[in-house]
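Below is one structure, written out as structure tokens; comments come after it.
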Amino acid sequence: MTPLTVLVVEDQESIRRFLHASLAGAGHRVLEAGTAAAALRTARESPPDLMILDLGLPDRDGFEVLRGFRSWSRAPVIVLSARDGEADKVAALDAGADDYVTKPFGVGELLARMRTALRHRSPPADAESIVADRLRIDVAARRVSVDGSEVHLTPLEYKLLLTLARCPGRVLTHRVLLREVWGPDATQEVHYLRVFVASLRRKLEADAARPRLIITEPGVGYRFSDT
Amino acid sequence: MADPRPNPDVLLAEVEAEERRVRRGSLRIFFGYAAGVGKTYTMLQTARRARDEGRDVVIGYVEPHARPDTQALADDLETLPVREVPYRGVSLREFDLAAAFARRPEILLVDELAHTNAPDSVHEKRWQDVQEVLDAGIDVWTTLNVQHIESLNDVIGQITGVVVRETIPDHVFDSADELELVDITPEELLERLQAGKIYLPEQARHALERFFQRPNLAALRELSLRQAARRVHTDVESARRRAAAVEPWATADRLLVCIGPSPTTARVIRTAKRMATALDADWLAVSVDVTGAAASAPSRQRVAEHVRLAERLGAETATLAGQDVADTVVEFARSRNVTKILIGRTHRPRWRRFFLGSVVDDLIERAGSIDVSVIHGEEDPQPTTRPGVIRRPRIDTVAMLEATLAVAAAAAAAGLLRWSGLSDAEANTVMIFLAAVAWSAFRHGRLPAVMASVLAVLTFDFVFVPPTLTLAVSDVQYVFTFAVMLAIGLVISTLTARLRGQVESTRERERRTAALYELGRQLGGVSGQDFLSAAAARKVSEIFGGEVAVYLDESPAPPAVVAGRNTEVAKHPLSLPAAQWTMAHDQTAGAGTNTLPAAIAYFVPLVGSSRTLGALGVRVADMSRLADPEERRLLDACASQLALALDRDRMTIEASEARIRAEAEVVRSNLLAGVSHDLRTPLAAIAGASSSLLGEGVVDVAVRRQLIETIEAEARRLTRLLENILQMSRLDAGGAIPNLQWHVLEEVVGSALHRVGRGLAGREVAIRIPADLPLVHVDGLLLEQVFVNLLENAARHTPVGTHVTVSAAVDGRYLRIAVTDDGPGLPAGTEERVFDRFFQAGSAADAGRGTGLGLAICRAIIEAHRGSITAARRPGGGAEFVIRLPLADDTPRIVVE
């Protein structure tokens, strides 16, 4: 990763210190803010390349920082969230966050998420083919193959796979996927999505119970593996 | 004997009245004896003076037909918008209660206190609007003519020959804080009338001109002056009592007036009111239900009307039950220290009085020291009820026909008897006719039976008594036969009809009792306010044969319809306001009442032990049926049964909630006590390792790394422990109402596997889940936690290389999920205990300690899904955990192809 300016918005001194140490250690320049007001001010003064945002701030709701920042910047935002904060995660993604990391987390995981988020800032033009692991999607020909042998997908399965595969490494919420694949009317029927994902896995994965391509983000959505 | 100290009761009454005055606005009445004396003008003039003195005076409503100088005064003051009500093609202008509440002035002027509102208004009468304004602490000034006072209504009707329908109850007049008499001489008034200064509505001009006669006006003026004088007297009295200059207020008279169905009773009641006022005495009004006698519905209704009239006039009313009217009344009068009994004398034939006695005579005879005043019973000049409410008993033509046929059949039978020569005794013929009379009486009641007896006598005479086929009689003896036959016929018909009436009333009472019993039984069998309300609504609509809607208090939100949502009642726009009013005032409202009479249903409050819980609205095809006090009583009984049941239900819920809270508290404190030890261990390790690293002593890189790894591992353990504790306490708090969604089991197991990740190191996990397994209706995150805990448990208690299998299959109406391993298995006898909190089986050396909560959490989660989880020792060695989840009938099947 090229050195970046990273703004860490977190009210806990100890977490901030640990993030600072790890990020600086990875060669990045780190700005810190302990409150929502300070975060927005700092971001204005020296616009960061990436923001790490804890939603629980003492002065204002973290979502306000997210929305305020998003109103003028497209730089990636990674949200720090608690284990049972699925509703917050979905809301943050919907409000424009790029990804989230569940506390407690390791530095390796955070840096990986940062890399993925940065990659999305420059999305590749509609690729003619997408390759991941043993999977190959030939977009132009609408053909999907695993280990070279063609796999038959229904039109909806194909649409779902393509929607996921176009954003590798990125979490797509249930709502977004339903809207993209089924259209705006089906936003409540999450179990449709689950059944189709299960079917895709059985066709594409070596072991459907240990998926390597389409990763479940419990309570939030799905992520297409980018490794 | 006179005690100079203030009587505590009097003081208390004064204080209470004072308090009422503090809370309520004060009422000032500009009082006159006829239209045109200048009430409105005086009111507006006074209002303007008050306004100029800086008081906040606003006109709520003033009749728009005022004379120019009155209009000029009105234009000078702030005026609230009026409500325009379309009614039969014209637009009525009405005082707007909502506008008054929105503006909240200090003083509100509302003309014509006795006015009757347009049909869709909140209240039937304007004085009720005024009461609400006063209740809200706003002062009201208003105008009133003497003939609109209820108790003077009939007297004035008699004097003037003009009956006024718009009246106000006396207590409203008496409660006025200030009474301002607006008085001019009749001569002056007549001059004004001649000069065209008094507005008279065109259509009533003729009648009113008859009203504006000098003698009439003089009499009205006298009455108004007397009212005002009495008022002044009362004020002085009240002031004197307060000043404790108490003289023996010995004239403690107490009046009792007897209420009956006779139309003259209304007059007696009004007389009693005037007498009570003149004597400054309390008065009671009682009606007597004679046990065993069945009163007809119209007469019951008239009695109820009279009771309501007495209530409006300020009497304390009671309904007594007894064998004998006079005895019952006298006994009650003694118990209440009554000094005078008033009763109306009714027209009854002298012979009846002679044979049957009269209540009046009995009363006089038994009253002892109590005075009895008999009021001459004259037809009441004013109808006591609105036309159409009381239905006269209609002549039932079918019954008459059947009675006639019965007599004809008797004649035929008697003829046959004679013709066949079986018997020609006249006694037998007479008997057969009497049998027909008795049958008619039993079958159809009194009137057909009376007709049948007359018919029987005539037929007997015509057909069987020589000379036959004429009504003439040859033998005078037959006249005697006819007389006795008719007398017996009449007695039979009376007795039989009475018996029938009793049977009917018993049957009716039985029906009611059975209905109430049935309602009580049904309410006893259900719980939950929705089910209770629905059961009551169903039963009440069955009893009354109409629609029922139940509204329950949801304050601060408006009341909600919990039963009968699809009825016309619930859809009608006035139902919600009527229900709300009923709840706020604990009084009936809606159709057939004075409040929101335009509503389509009749509303009764559901009064619970501590507050009003809601309202019950009933709509039947014939709403006048609900005017019958018996029906109302039944409805009241149903409502109180429902209220009782709702109360009981709420108390049960509150009690069980309190118990659950207490239990949760115990669990929480146990949990904390249990984990504090487990929390301290990793903390001690972390603190120790980090302080070693900070110190100078450790320089060896390998040792430093070891210490850092300790910190990392202990931190992870601490995290897991904390998560388990949080989850457990959430489950305990009952907050884990699962977020149920349709899930693919394979995916749930898959993400659990992903989460456990390296924690399984060295154990092989096989997943055997058929692709066609139905969707499961679960909280995905909670079920994932179950698998995480089970897999971690397996990892902790089995050696490396153990095979773990997760398999699932449909088993009847359940989904059976098994997590098995071929490790050492559970220690014997711990199959149930492993699910206990802080149960720790002897763990494998390399697995580290668990939290002792993992399996307890599994069980709590599965039970929250109405499933079960059990542990067992596998026959071939190893442990087996079996989860059974109920399958839903409505499982969606989604075809991917």
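Where a number appears in this text, it was derived from the coordinates with a stated rule and is not lab data. Just so we're clear, the structure is a prediction, and the values are computed from it rather than from any experiment. Note that we place each Cβ from the backbone using ideal geometry, even for glycine, and neighbour counts take in every protein chain shown.
Okay, here's what the table says:
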| quantity | calculated |
| --- | --- |
| Value of D in µm² per second that Stokes-Einstein yields for the range B:144-193, Kirkwood Rh from Cα pairs, at 37 °C (0.692 mPa s) | 265 |
| Long-range tail of P(r) for chain B (Cα pairs > 42 Å, %) | 61 |
| For B:Lys197, net neighbour charge (Lys/Arg +1, Asp/Glu -1) across residues whose Cβ lies under 13 Å away | -1 |
| B:Glu331/B:Ser299 FRET efficiency (R0 30 Å; Cβ-Cβ; nearest 0.05) | 0.80 |
| Inter-probe distance in nm under a simple model that places probes 7 Å from Cα toward Cβ, at B:Arg704 and B:Asp362 | 11.5 |
| For B:818-829, mean number of other protein chain Cβ atoms within 10 Å | 0 |
| Ranked by how many other beta carbons lie within 10 Å on average, peptides B:407-415, B:70-78, B:138-146, B:827-835 from highest | B:138-146, B:407-415, B:70-78, B:827-835 |
| Share, in percent, of DSSP beta bridges within chain B that are antiparallel, nearest 5 | 50 |
| Packing-based exposure ordering (other Cβ within 10 Å, fewest first) of A:Met114, B:Met431 | B:Met431, A:Met114 |
| Subset of A:Lys89/A:Lys203; B:Lys39/B:Lys197; B:Lys273/B:Lys340 violating a 23 Å alpha-carbon distance limit | A:Lys89/A:Lys203 |
| Over the range B:401-502: Kirkwood hydrodynamic radius from C-alpha pairwise inverse distances, Å | 13.4 |
| Long-range Cα-Cα pairs in the range A:19-61 (distance over 11 Å), rounded percent | 67 |
| Hz values of 3J(HN,Hα) by residue in the range A:204-209 - Karplus curve (6.51, -1.76, 1.60), Gly and Pro given as x | 10, 8, 5, 9, 4, 7 |
| Per-selection metrics, the range B:475-633 (Cα): Rg and Dmax in Å | 22.7, 88 |
| Residues of the range A:197-215 with amide N under 15 Å of the 7 Å Cα→Cβ point at A:Arg119 | A:213-215 |
| Span-rule helices in chain B, defined as complete DSSP H runs reaching 18 Å or more along the axis (Cα) with Kyte mean at least -1.0 | B:8-23, B:214-242, B:265-279, B:397-419, B:426-444, B:446-459, B:477-525, B:529-544, B:629-694, B:701-732, B:780-797 |
| For the range B:71-204: Kirkwood Rh in Å [reciprocal of mean 1/r, alpha carbons] | 16.9 |
| Two-site label geometry, B:Glu188 and B:Asp135: point separation in nm, points 7 Å out along Cα→Cβ | 3.9 |
| Coordinate range along principal axes, alpha carbons of the protein assembly as shown, Å, largest first | 140, 100, 72 |
| Volume in Å³ per residue [convex hull over Cα atoms, computed for the range B:737-886] | 106 |
| Space enclosed by the convex hull of the alpha-carbon atoms of the range B:677-804, per residue, Å³ | 133 |
| If the convex hull is drawn through the Cα atoms of the range B:491-561, its volume per residue in Å³ | 97 |
| CD proxy at 222 nm, helix term only [per DSSP H run n ≥ 4: -39500 (n - 2.57); per residue of chain B; nearest 500] | -16500 deg cm²/dmol |
| Three principal axis lengths of the range A:129-224 [C-alpha, angstrom, descending] | 36, 28, 21 |
| The range A:5-121 - Kirkwood radius from inverse mean 1/r over Cα pairs (Å) | 13.9 |
| Surrounding net charge for A:Ile15, when Lys and Arg each add one and Asp and Glu each subtract one, Cβ distance under 12 Å | -2 |
| Peptide A:216-226 - average C-beta neighbours from other chains (10 Å radius) | 3 |
| Overall Cα dimensions of the range B:586-672 - principal axes, largest extent first, Å | 66, 23, 21 |
| Equivalent ellipsoid semi-axes - Cα gyration tensor, chain A, angstrom | 34, 19, 16 |
| Pair B:Arg716, B:Arg565: separation of 7 Å Cα→Cβ label points (nm) | 5.2 |
